[in-house]
Amino acid sequence: MATKPNGTRSRGFTTLAVTLILLSILMAVSGFIGKVLMSDRRITLNEIEYRTAMASAEQGIAEAVVALAVHPAAPAVSGSIMTSAATGRYEVSMAASGVPHVSDIRASVSLDSGTAATISVQLAERGILNPDNSGPAAPLLVAGSMTANGTITMVANPNGGGPGVPVSIWAKGEVHLGGGATTCGLDEYHNGGCNRDNAYSHKTGSESMVGPDIVANDPVFPGDLVEYVFGEPDTAEGWARIESRATAILSRCDDPVISGGAGIFIVEKVPNCTLGSIGSRSAPVVLIIKDSHLTINADSRLYGLVFAHDSNPSDMNEYAIKINGGAELFGTMLANHSNLDLANGNYTAIYDPAVLCKIRRCDGSGPGGSPFVTVGYVPGSWKDWE
């Protein structure tokens, strides 16, 4: 019987060995790929959980902004997280930073998987009026000249020129008193009314007395009345920021939204704007009339700040302001142009501290739903790492 040669046995052994080596390599590669895939899956899940945690923290910050805008004393915000990717909870704390009108906000998120995230930021309250001023210095500011005719009564800002220095009219140009124009203090007005005996300034018949409460031809009158009042330059960028804070931008002066309550209203490009009674002592308005003739009806009551603005005072358009007899303004009126036609009847402008306090938030309270206050992030304060 013949036997197989030894070479055949060697080739079979070699084939088996190579096969086993290839299987081992394949198993090692498969195991490595499996580990890579598992690691990649874990990394992906971690990334999803981290993004979920960060999104939840940002949600908490957004809710804190809303809470502060509605209620300035809101101490904290919290909520649950229930998504297909993760579950957990977020907590947001709010505390005063030590800087006036600035709050420290900290949102912490903890997922059931153990993933955590934290975001901190500072929020600042911003009023509609220039924070560098205590408010308009007088019941009437004019970036030009004016004549007050008729039985006009101007009740001064008692601290318009500094503590205890009353200012009734502040003008860049000349101020002429005509008719029976009178200026006096708030106490005098409330206790018997203004008359020549208690007046700061008055015109009675041929007798005219102009006191220091009328500041005319002032070389330091603001060159940019928009910036003086609102803290924003009279430029397209400045107006964009003012408009972003407005309650409404309107195309008519008889829109019922103006008389619907407190707010910041801008009326643009109305040929003739006629106003009746607007606002109240507890709910005043900031009303900006742009590029329009303005008429205030007789016997109207206006509470707040009225700003007649000419976008290009140097052009040929001269926008007039006419105030009819019996009208009363509790607050302040400003014009960045000269063409004022004050009443021939009895018009009264009263610098009412209670009204302006509502607008400029002088009681130190937070926004609390006030239309005159916005809340925004302090640039550079956002921090999403520990």
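The values are calculated or read from the model by the stated rules, or taken from the named source; none is laboratory data. On a predicted model such as this, the values are computed, not experimentally measured, just so you know. Note that we place each Cβ from the backbone using ideal geometry, even for glycine, and neighbour counts take in every protein chain shown. Remember, those area values only see protein heavy atoms, side chains included, never the ligands or the DNA or RNA. Shrake-Rupley method; radii C 1.70, N 1.55, O 1.52, S 1.80 Å.
Remarks
- Estimated distance in nm for a label pair at Thr44 and Asn198, the labels positioned 7 Å out from Cα along Cα-to-Cβ: 8.2
- The chain: relative contact order in percent, alpha carbon pairs under 8 Å with at least 6 residues between: 17
- Inverting the pair-averaged 1/r between distinct Cα atoms of region 84-126 gives 11.7 Å as its Kirkwood hydrodynamic radius.
- Heavy-atom accessible area, probed at 1.4 angstrom with all protein chains present, ranks Glu49, Glu188 as Glu188, Glu49, highest first.
- Fully extended contour minus Cα-Cα distance, from Ala55 to Ala354, at 0.36 nm per residue: 103.4 nm
- Percent of Cα-Cα distances greater than 20 Å, calculated over region 185-268: 62
- Taking all protein chains as they are arranged and a probe of 1.4 Å, the heavy atoms of Thr151 leave approximately 80 Å² accessible to solvent.
- Centre separation in Å (Cα based) which lies between region 86-139 and region 159-194: 42
- Note on the chain: dipole from Cβ charges, positive end direction compared against Gly211, Gly161, Asn346; the farthest Cα belongs to Gly161.
- Relative frequency of Cα-Cα separations exceeding 14 Å in region 142-206, percent: 57
- When each of Lys203/Lys290; Lys172/Lys269; Lys322/Lys358; Lys172/Lys322; Lys290/Lys322; Lys269/Lys322 is checked by Cα-Cα distance, pairs over 23 Å: Lys203/Lys290; Lys172/Lys269; Lys322/Lys358
- Fluctuation leader among Thr147, Thr15, Thr115 - the chain, Gaussian network, Cα springs under 10 angstrom: Thr15
- The chain: most fluctuating residue of Ala216, Ala143, Ala28 per GNM, C-alpha cutoff 10 Å: Ala28
- Accessible-area value, Lys383, 1.4 Å probe, nucleic acids and ligands omitted, Å²: 80
- Helical runs (DSSP H, four residues minimum) scored at -39500 (n - 2.57) apiece and divided by the length of the chain put the mean residue ellipticity at 222 nm at -8000 deg cm²/dmol.
- Among Ser251, Ser168, Ser103, residue whose mean-square fluctuation peaks in a GNM of the chain (springs only between Cα atoms under 10 Å): Ser251
- Counting only DSSP beta bridges with both residues in region 49-188, the antiparallel share comes to about 75 percent.
- For a paramagnetic label modelled on Ser145 (point 7 Å from Cα along Cα→Cβ), amide N atoms under 15 Å away belong, within region 159-185, to 171-178.
- Net length gained if the chain between Ala62 and Asp299 were fully extended (0.36 nm per residue, minus Cα distance): 80.8 nm
- Within the accessible area of region 73-114 (1.4 Å probe), percent carbon and sulfur: 55
- With every protein chain in place, region 226-375: carbon and sulfur % of accessible area (1.4 Å): 46
- Think of each Lys and Arg Cβ as +1 and each Asp and Glu Cβ as -1; about the Cα centre, that makes the dipole of the chain roughly 2440 debye.
- Once the 1.4 Å probe is applied to the protein heavy atoms, the chain comes out at 50 Å² accessible per residue.
- Rough spin-label spacing in nm, given labels placed 7 Å along Cα→Cβ, for Cys362 and Arg252: 3.6
- Site pair Ser134 and Ser314 shows an inter-label distance of 3.5 nm when each label is modelled 7 Å from Cα along Cα→Cβ.
- Bins of 10 Å from zero: percent of alpha-carbon pairs in region 193-327: 10, 33, 34, 19, 4
- Two-site FRET efficiency, Val378 against Glu207, from Cβ-Cβ distance with R₀ of 51 Å, rounded to 0.05: 0.35
- Mean shadow area of the chain over all directions, Cα convex hull, nm²: 32.9
- Rg and Dmax, both from the Cα atoms of region 63-180 and both in Å, are 25.7, 81.
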